[in-house]
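Peer 1: First, the structure itself, so that you have it in front of you.
The values are calculated or read from the model by the stated rules, or taken from the named source; none is laboratory data. Computed from a predicted structure; not experimentally measured. Because the Cβ atoms are built from the backbone with ideal geometry, glycine has one as well, and the counts that use them run over all protein chains shown.
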Amino acid sequence: MQLWFSRRSEISLRHQLVTQIILGILGNDLAPGERLPSTRQLARRFRLHPNTVSAAYRQLEQEDWIKLRRGSGVYVRENQPQNSYSGALLLDRLIADFFRAARENGISLAQLRAGVRQWLDLQPPDHFLVIEADLELRKIVVSETQSALTFPIASCAPEECGSATVLAGAIPVALVNRAEAIRALLPRETDLLTLRINPVGKSLAAYLPAPSQAIVGIASRWPTFLTTARTMLIAAGLHPDCLVLRDAAKPNWQRGLKQTAAVVCDSLTAKALDGIGRILPFPLLSKSSLKELQEYQQSIRSPLTP
């Protein structure tokens, strides 16, 4: 994984390191269970103080991104699925009762199969449901999924996702780092599709190194995008005074962006920047995640086979 650090910034080196490791995990640059460099290795390679690296690792461990194993090393946290068999056993029992009742009423297996298939055909999911607490992040996810899919996309906050009305006909979807908390709010045995984000480091590397005095704009309605993009660009060597931040939720937010060499933005904000100049949109969702949604959508549309 590529790392950058700027010593000319008011953003601490610890925060720069924490931000880049989290983005690496979310973007699948760092796989679950992967061993990270030791404190000494990172400090030596990037000329950081060992206490800086140790503090960053402690923060990441406290936030459940990594695991520090004494005598072994530092590892990306593995999110193992929480298997529950009670729901599966309950379903088996209901199906057995259903078949027994059908036989007692003289319904043949062929009739039963045809009837079940008909009901399943009538009741497939018909839309994806994006579950996310951050409203502006939710809008970006909805926009990017809608551009890749033909199914409608609905959205809701986590506190709404347990409602039978909200879930009716829905395929719940959440970002991978939110999945564990959201899964706990959903009815048992409800499928939840997870989405990974693009590896930011690789995307940014294509535009680097940038001229040290280039004026670069950063625009988004999502506050986290603004702060993260600023951190990454400063870590990559751009001077803080050369960055123009614009909150797209505020009036006249495009002011001054035409004078920049380029504007870094999320994919949704990019749609409102026509005529500004060079736009560098960063899609949030990975191509592999969008492909998985497309395949899931296709599997629903395919007719059931006997």
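Peer 1: Taking the stretch 284-293, which residues are of a type outside the set (A, V, I, L, M) and surrounded by 17 or more Cβ atoms within 10 Å (Cβ to Cβ)? Steps first, please.
Peer 2: Our first condition is that a residue be of a type outside the set (A, V, I, L, M); within the stretch 284-293, this holds for 286-289, 291-292.
If the condition is that a residue be of a type outside the set (A, V, I, L, M) and surrounded by 17 or more Cβ atoms within 10 Å (Cβ to Cβ), then Ser286, Ser289 are the ones that fit.
Peer 1: Only one of (1) surrounded by fewer than 17 Cβ atoms within 10 Å (Cβ to Cβ); (2) among the acidic types (Asp, Glu); (3) within 14 Å of Leu192 (Cα to Cα) fails for Glu159. Which number is that?
Peer 2: Result: Glu159 fails condition (3) only.
Peer 1: I'm told Leu13 meets every condition in (1) surrounded by fewer than 19 Cβ atoms within 10 Å (Cβ to Cβ); (2) closer than 22 Å to Pro199 by Cα; (3) of a type outside the set (Lys, Arg); (4) in contact (Cβ under 8 Å) with a residue 24 or more places away in the chain except one. Can you identify the failing condition by its number?
Peer 2: Of (1) surrounded by fewer than 19 Cβ atoms within 10 Å (Cβ to Cβ); (2) closer than 22 Å to Pro199 by Cα; (3) of a type outside the set (Lys, Arg); (4) in contact (Cβ under 8 Å) with a residue 24 or more places away in the chain, only one is false for Leu13: (1).
Peer 1: Here are some conditions: (1) of a type in the set (Gly, Ala, Ser); (2) at pLDDT 90 or above; (3) more than 25 Å from Ala181 (Cα to Cα). Gly71 meets all but one. Which one does it not meet?
Peer 2: (2)
Peer 1: Please determine, by comparing only the residues of the stretch 268-286 that are outside any loop (DSSP other than H, G, I, E, B) and touching a residue at least 60 places away in the same chain (Cβ under 8 Å), which one is farthest from Ile197 (Cα to Cα).
Peer 2: Leu280
Peer 1: For the structure I just gave you, tell me whether Leu204 is buried (at least 16 other Cβ atoms within 10 Å of the Cβ), modelled with pLDDT under 90 and closer than 17 Å to Ile25 by Cα.
Peer 2: On the way: buried (at least 16 other Cβ atoms within 10 Å of the Cβ): yes; modelled with pLDDT under 90: yes; closer than 17 Å to Ile25 by Cα: yes.
Taking the combined requirement at face value, the residue satisfies it.
Peer 1: Within the stretch 162-191, restricting attention to residues that are surrounded by 18 or more Cβ atoms within 10 Å (Cβ to Cβ) and not in a helix (DSSP H, G or I), which residue is nearest to the chain's Cα centre (by Cα)?
Peer 2: Here the residue is Leu175.
Peer 1: Quick check on Arg246: is it surrounded by 18 or more Cβ atoms within 10 Å (Cβ to Cβ) and in a strand (DSSP E or B)? Step through it out loud before you land on a result.
Peer 2: Values: surrounded by 18 or more Cβ atoms within 10 Å (Cβ to Cβ): yes; in a strand (DSSP E or B): yes.
Spelling it out, Arg246 is indeed surrounded by 18 or more Cβ atoms within 10 Å (Cβ to Cβ) and in a strand (DSSP E or B).
Peer 1: Can you name the condition, by its number, that Arg7 falls short on among (1) closer than 22 Å to Pro199 by Cβ; (2) over 20 Å from the mean Cα position of the chain (by Cα)?
Peer 2: Of (1) closer than 22 Å to Pro199 by Cβ; (2) over 20 Å from the mean Cα position of the chain (by Cα), only one is false for Arg7: (1).
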